[in-house]
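K.L.:
Attaching a single structure in structure tokens format; questions to follow.
Every number here is computed from the coordinates shown, using simple stated rules; none is lab data. Keep in mind the model is a prediction, meaning the values are calculated, not measured. Glycine gets a Cβ as well: all are built from the backbone with ideal geometry, and neighbour counts include every protein chain shown.
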Amino acid sequence: MIQLGQIEQKEFLFVSVSYKKLWKLLIDKDMTRTDLRNAIGVSSSTFARLSRNECISADLISRICTTLRCNVGDIMDVVHNDGVGEKGDCDGL
């Protein structure tokens, strides 16, 4: 929106994810990352996205929760990055 020579700056809400809860849950369940990867049947490159706190598909989240018998909130947190121009890992998904 332009008003009398001023450009309105828009603020966006970008999100990232954190899987710290997942890694703690694996410790509590005495499982390794390899055990989980094999149980949910994904490639090592797809599983590496979790280690980098990158977004993954809802299907993969569902398979993890089913395998570990938990809810989404037990394995991940959504991190909100307020501000202009800050890009999150889940933008565009």
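K.L.:
Taking the Cβ of Ser62 as the center, what net charge do the other residues with Cβ under 14 Å away carry, scoring Lys and Arg +1 and Asp and Glu -1?
P.N.:
Details: positive: Arg63, Arg69; negative: Asp59, Asp74.
So the environment of Ser62 carries a net charge of 0.
K.L.:
Could you pull out which residues in the stretch 31-74 have an amide N less than 18 Å from a spot 7 Å beyond the Cα of Lys21, following the Cα-Cβ vector?
P.N.:
Those under the cut-off are 50-74.
K.L.:
Whole number please: convex hull volume per residue, Cα atoms of the stretch 13-55, in Å³.
P.N.:
Numbers: hull volume 3.0 nm³, N = 43.
Spread over its residues, the Cα hull of the stretch 13-55 gives 70 Å³ apiece.
K.L.:
How far apart, in nanometres, would the label points at Asp30 and Arg52 be if each is projected 7 angstrom from Cα along the Cα-to-Cβ direction?
P.N.:
3.4 nm
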